[in-house]
1. Among the numbered criteria (1) at pLDDT below 90; (2) buried (at least 17 other Cβ atoms within 10 Å of the Cβ), which single criterion is violated by residue 221?
2. State whether the residues of segment 188-198 include one that is under 30 Å from residue 346 (Cα atoms), part of a strand (DSSP E or B), out of contact with any helix residue (DSSP H, G or I) (no Cβ under 8 Å at 6 or more places or on another chain) and modelled with pLDDT under 95.
3. Conditions first: (1) open to solvent by less than 10 Å² (accessible area, probe 1.4 Å); (2) closer than 20 Å to residue 369 by Cα; (3) in contact with a Gly (Cβ under 7 Å, 6 or more places away or on another chain). Residue 131 passes all but one, so which condition is the exception?
4. So in segment 373-382, with the set limited to residues that are touching a residue at least 60 places away in the same chain (Cβ under 8 Å) and either acidic (Asp, Glu) or not in a loop (DSSP other than H, G, I, E, B) (or both), which one is farthest from residue 354 (Cα to Cα)?
5. Taking residue 157 as the residue in question, decide whether it is assigned to a strand (DSSP E or B), open to solvent by 30 Å² or more (accessible area, probe 1.4 Å) and not β-branched (Val, Ile, Thr).
6. Output the qualifying pairs, or none if there are none: Cβ atoms under 6 angstrom, residues six or more apart or on different chains, first residue in segment 214-229 and of a type in the set (Phe, Trp, Tyr), second residue surrounded by 12 or more Cβ atoms within 10 Å (Cβ to Cβ).
7. Does residue 347 satisfy being touching a Gly at 6+ places or on another chain (Cβ under 6 Å), open to solvent by 20 Å² or more (accessible area, probe 1.4 Å), touching a residue at least 40 places away in the same chain (Cβ under 8 Å) and part of a strand (DSSP E or B)?
8. Going by the structure shown, is residue 411 part of a strand (DSSP E or B), of a type in the set (Gly, Ala, Ser) and farther than 27 Å from residue 281 by Cα?
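The values are calculated or read from the model by the stated rules, or taken from the named source; none is laboratory data. Computed from a predicted structure; not experimentally measured. Here the Cβ positions follow ideal geometry from the backbone for every residue, glycine too, while neighbour counts run over all protein chains shown. What goes into the accessible areas is simple: the full protein's heavy atoms, side chains included, and nothing from ligands, DNA or RNA. Shrake-Rupley method; radii C 1.70, N 1.55, O 1.52, S 1.80 Å.
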Amino acid sequence: MLNKKAKIALLLIPTVVILIFVITFLTHYLTTGGVVVSSNGDYDISITKLGASSSQPVTLTGRDKLSAQLHTGTYNVTVTSSFSSSQKVLVIEAHKTQAIKIDLQGLGAVEPVSSRAAFDLLATGSSLAFIDSNNGSLISVDSQNNEHVLSGSLNLSSVEWASSGYGIAQDQSGNLYSVSGGTLSKLTLPFTPSNNNYALASDKMLYLSNGNTIYAGVAGGTLSQLLRPVNGEGFSIVSATTKGVLVNETSTDASGDKNGDLLFITPAKTYTIQAGIYDSAWSPNGQDLVVTTDSDSDIYNDRLQLIGSLPANNVTSPVWLNNNVIFYGIAGALWSYNIQTKTSNTVASVSVFGYVSKIYPSQNDAYVYVAIQNTTTNSLELSRLGLDNQPVSPIMQELQVFLPNTYQGCSLDYLDFTAPSVVVDGTDSSGQNCVQAATSYLQLYAINPASLNITTSN
């Protein structure tokens, strides 16, 4: 027979088992949630926990439809086909099951614009302006599709735009120039130009740094000291809005390592976070900032408080189409992300040409211009994606294959801002105008010269 202690122990076993079951159930109930993911086709679906270590990634995969119980946290849900992909950031909440549907969209067609190595581009409905990195020239293209060199013999390294009619350009020596009405005028600086950097806000407020002191003032006017070093700091200007200037602190002071501090300096207060950034962009209203760092692609408000993240890390050239949509590149794909729905989509592929280098939305929201790094020639080429289902010229896609080129001593290139065109330069081997040489060259490739414009370079 069992003694008294054994009987008590035997009676307690069911209680302990029940207690363990209750604790396990409550723990699971309070720390897990459910999700059911579906799409508009038989596509691959994956769920990955954000912030998980590479040694212990949390990833679930399925096809067509995926159901899962997950620990609370933030996850990236991806739906992928052979040609397209869509991602959504999902927060799993305790004892709650969410049903989400992620539909894949068709990819937009990218249209060639120019073979020029264009950067710092400004596009409106009637004009295009950019720097050609091959020679440092500031180029404009008018509504008649004619190119004009605005910078003369200057070799420019950058230009920032406040509006379609005004910008600030910098040459290779650090001199600054206002760009207004197609004319460049040299600005007087408060120091001898060298390795200075600058930013221009949309209200024409100019911020300038020589590496250790920041100056500010209305472009073309007097610049006054805004910030100077106290303990040996260095400052590099990142970008500016009408509310203030974003600055990277780049050296060490007496109190400790400040390298990588990101400062947003406003008239009322300076906000600071630790973020060694690669690229950044402000929303048009100046309220939100997207930043790419060593490990993340994050979104902050104008007090540098983290308010969200892109589903992908280390993206290329994040820019705002409007106050809700961000465009960015990942290798040979162009993506968009909606901060309201927390969903990103592949909108176009340029992988047949190369990979996304820089992105420039037009001011009239009609196009997104993309500087593509050609993996064959290792040169930049300019293309664009229509946002209103604009037709893509098949002739331009043909011209991109065999232009630019030289034929009978003439330089031939393509251009399509407002109309498909071939731009010629020089005189042919017989001393004649190169238009006839271009006509003959196009006929070699069975292209009707009457189907496009043939113009001479200005």
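1. Here residue 221 clears every test but (2).
2. No, because not a single residue in segment 188-198 is under 30 Å from residue 346 (Cα atoms), part of a strand (DSSP E or B), out of contact with any helix residue (DSSP H, G or I) (no Cβ under 8 Å at 6 or more places or on another chain) and modelled with pLDDT under 95.
3. It fails just one condition, (3).
4. If we take residues in segment 373-382 being touching a residue at least 60 places away in the same chain (Cβ under 8 Å) and either acidic (Asp, Glu) or not in a loop (DSSP other than H, G, I, E, B) (or both), then 382 is farthest from residue 354 (Cα to Cα).
5. Spelling it out, residue 157 is indeed assigned to a strand (DSSP E or B), open to solvent by 30 Å² or more (accessible area, probe 1.4 Å) and not β-branched (Val, Ile, Thr).
6. Close Cβ pairs satisfying both conditions: 215/190; 215/208; 215/223.
7. Yes.
8. Here the answer is yes, as residue 411 does meet what is asked.
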